[in-house]
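Presented below is the structure to which this report refers.
The values are calculated or read from the model by the stated rules, or taken from the named source; none is laboratory data. Since the model is a prediction, treat every value here as computed from it, not as a measurement. Reconstructed Cβ throughout: ideal geometry from the backbone, glycine too, with neighbour counts over all protein chains shown.
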Amino acid sequence: MTFDGKAFGAQIVDAVKAHVSDVLAPVLRRLDAIEARQPEKGDKGDPGERGLDGAPGKDALPPSREQIVEAILSVPDVLDEAVQRYLADNPPPAGKDGRDGVDGAPGEKGMDGANGKDGRDGVGLAGALIDRHGNLALTLTDGSTRDLGPVVGKDGEPGRDGVDGVGFDDMTCDVRDDGVYLVWEKGETVKEARLPIPMDMGVYRSDATYKTGHCVTWGGSVWIARKDNPQGKPDAPDSEWRLAVKRGRDARIPQ
């Protein structure tokens with residue numbers, strides 16, 4: 001916090017004025033009492049003692065009560081000027097900022113304000129429709145309407161003609177070595193689908209490729225593949241082959 005010389009001088013002046021006012025109060029009261037006791041015109045008062053001779057002057061009159069008071073009260077102004085000149089010639093050194101003061105006690109709670117007026121009811125949506133021009137119109141609960149403008153877009157550009165599909169007239173059945181296929185062929189379009197019909201593929205071979213429905217013999221039994229590329233041998237645990245015909249017992253030859 002920096003030193004404020006002007007504020008410091010003002011504090012001194014206020015203190016001096018207050019002190020002078022306190023000192024003069026009894027004197028002023030006495031002057032008021034003396035003036036109240038002055039004899040009226042025509043009355044002779046008690047002869048007083050002869051005062052000391054003053055310095056000769058030109059028709060000089062004694063100072064009035066107001067002049068005396070004004071002279072005394074001018075003393076603080078003189079002190080004020082002296083303090084300001086002193087502080088200007090002798091500025092106090094800058095000190096460190098003081099610590100923050102302690103917060104004061106909280107003030108009392110104020111009185112509650114007057115209740116506000118009730119607000120108006122809100123407006124909601126009662127209905128909406130798109131008119132024949134493509135504009136969205138809203139109807140509100142207060143009976144008013146709002147036109148939100150067009151919401152239906154313009155027609156898009158026409159698309160290209162699609163490629164003709166294939167039908168039953170374009171389908172053939174093709175029996176191949178690995179199964180039966182349905183084939184649809186029309187122009188450059190060729191589509192086919194294999195039917196999972198059981199088909200004998202001979203004895204199981206680990207290097208062969210099998211598809212769903214292929215039948216193989218293994219260990220004297222017939223097995224059918226349950227999915228394309230079944231893993232493991234037909235009789236292995238968790239096999240992807242299903243047992244179709246189990247091997248029978250060996251027959252006894254009569255002696």
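Things worth noting here:
- Annotation: of all residues in the range 88-121 being modelled with pLDDT of 70 or more and of a type in the set (A, V, I, L, M, F, W, C), the one that is farthest from D142 (Cα to Cα) is A88.
- Boolean, Q255 is at pLDDT below 85, loosely packed, with under 14 Cβ neighbours inside 10 Å and polar (S, T, N, Q): yes
- Which numbered condition P234 fails, given (1) assigned to a loop (DSSP other than H, G, I, E, B); (2) free of Cβ contacts under 8 Å to residues at least 24 places away in the same chain: (2)
- Residue check for V183: surrounded by 11 or more Cβ atoms within 10 Å (Cβ to Cβ) and in a loop (DSSP other than H, G, I, E, B): no
- Sub-6 Å Cβ pairs linking a first residue in the range 169-191 that is closer than 22 Å to N229 by Cβ to a second residue that is modelled with pLDDT under 85 and not in a strand (DSSP E or B), at least 6 apart or interchain, are V180/I197, ordered by first then second residue.
- Restricting attention to the range 144-172, the residues that are under 27 Å from D131 (Cα atoms), touching a strand residue (DSSP E or B) at 6+ places or on another chain (Cβ under 8 Å) and part of a loop (DSSP other than H, G, I, E, B) add up to 2.
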